[in-house]
1. So in region 138-185, with the set limited to residues that are part of a loop (DSSP other than H, G, I, E, B) and at positive phi, which one is surrounded by the most Cβ atoms within 10 Å (Cβ to Cβ)?
2. Where the second residue is buried (at least 16 other Cβ atoms within 10 Å of the Cβ) and not aromatic (Phe, Trp, Tyr) and the first is not assigned by TED's automatic domain parsing to the domain that holds Leu169 and lies in region 88-102, which pairs have Cβ atoms under 9 Å and are six or more apart or on separate chains?
3. Is it the case that some residue within region 80-92 is modelled with pLDDT of 95 or more, surrounded by 10 or more Cβ atoms within 10 Å (Cβ to Cβ), charged (D, E, K, R) and within 25 Å of the chain's Cα centre (by Cα)?
4. Is it the case, given these coordinates, that Ala188 is touching a Leu at 6+ places or on another chain (Cβ under 7 Å) and either at pLDDT 95 or above or not in a strand (DSSP E or B) (or both)?
5. Within region 44-79, take every residue that is aliphatic (A, V, I, L, M) and surrounded by 10 or more Cβ atoms within 10 Å (Cβ to Cβ) and give me the one that is modelled with the lowest pLDDT.
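The values are calculated or read from the model by the stated rules, or taken from the named source; none is laboratory data. For clarity, every value in this text was computed on a predicted model and none was experimentally measured. Positions of Cβ are generated from backbone atoms using ideal geometry, with glycine treated the same way; all protein chains shown enter the neighbour counts.
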Amino acid sequence: MKQRTETALVTSKRLIAVATFSKATVLGLSLLVTLGACSNAGGLTEAAEPRPSAPEPTSAPAAAEPEAELATVELSPPGHPLVRVTVELARTVQERQQGLMYRKQLAPDAGMLFLFEEEKPLSFWMRNTYVPLDMIFIGSDLRIVGIVENAEPLTDDSRSVDGHSQYVLEVNAGFSREHGLATGTAVAFVGVEGFVPPDGAP
């Protein structure tokens, strides 16, 4: 009888413990649900997993610079052979401002021809220009107005000639003297798109 009574007491205690545990579990679950509901109501969300940062966008490839427009300048010094110079054309303000700056060399028979809209006093400098140059100033009548010989590189001195010019041909220093170029030498432009020689041009 005593054994049965003890067994019954043990069984009752176990039932009470199980009931207590179940109640605690239910309360815990209810609390979690309540907290979850409150969190969502407050606008909070779970922290997202960190993601690797996206690579920085690369800049679009630079557009290739347009090829320089080329033409030929023919000079006819008296008593000397005809001289031809292959030239790049500088028509726009930007092209004229750039000129031959930053060039480290210039082929013996190459140069740059600056074209202006009208005849006027013109002056040039050698800022950021590494190659010594002859500057040949040409009038609207296509004759040489004057020459600045052997312009010193990397200088800001203003260089000009007496009289008005509409075109300037830059070539390597010494070119003018080597080929006998002088004031009054006749000049012709070949392959300069849109250029119309003036009446009476040589």
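1. Pass one, region 138-185, residues part of a loop (DSSP other than H, G, I, E, B): 139-142, 152-158, 161-164, 173-174, 180-185.
When the remaining residues are screened for being at positive phi, the result is 142, 154, 163, 174, 180, 184.
Values: Leu142: 19, Leu154: 11, Gly163: 13, Gly174: 14, Gly180: 14, Gly184: 12.
It comes out as Leu142.
2. If the second residue must be buried (at least 16 other Cβ atoms within 10 Å of the Cβ) and not aromatic (Phe, Trp, Tyr), no pairs are left.
3. yes
4. Working: touching a Leu at 6+ places or on another chain (Cβ under 7 Å): yes; either at pLDDT 95 or above or not in a strand (DSSP E or B) (or both): yes.
Criteria met by Ala188.
5. So the first thing to find is which residues in region 44-79 are aliphatic (A, V, I, L, M), and the list is 44, 47-48, 54, 60, 62-64, 68, 70-71, 73, 75.
Now drop any that are not surrounded by 10 or more Cβ atoms within 10 Å (Cβ to Cβ), which leaves 68, 70-71, 73, 75.
Values: Ala68: 79, Leu70: 95, Ala71: 98, Val73: 98, Leu75: 98.
Among those residues, the one meeting the criterion is Ala68.
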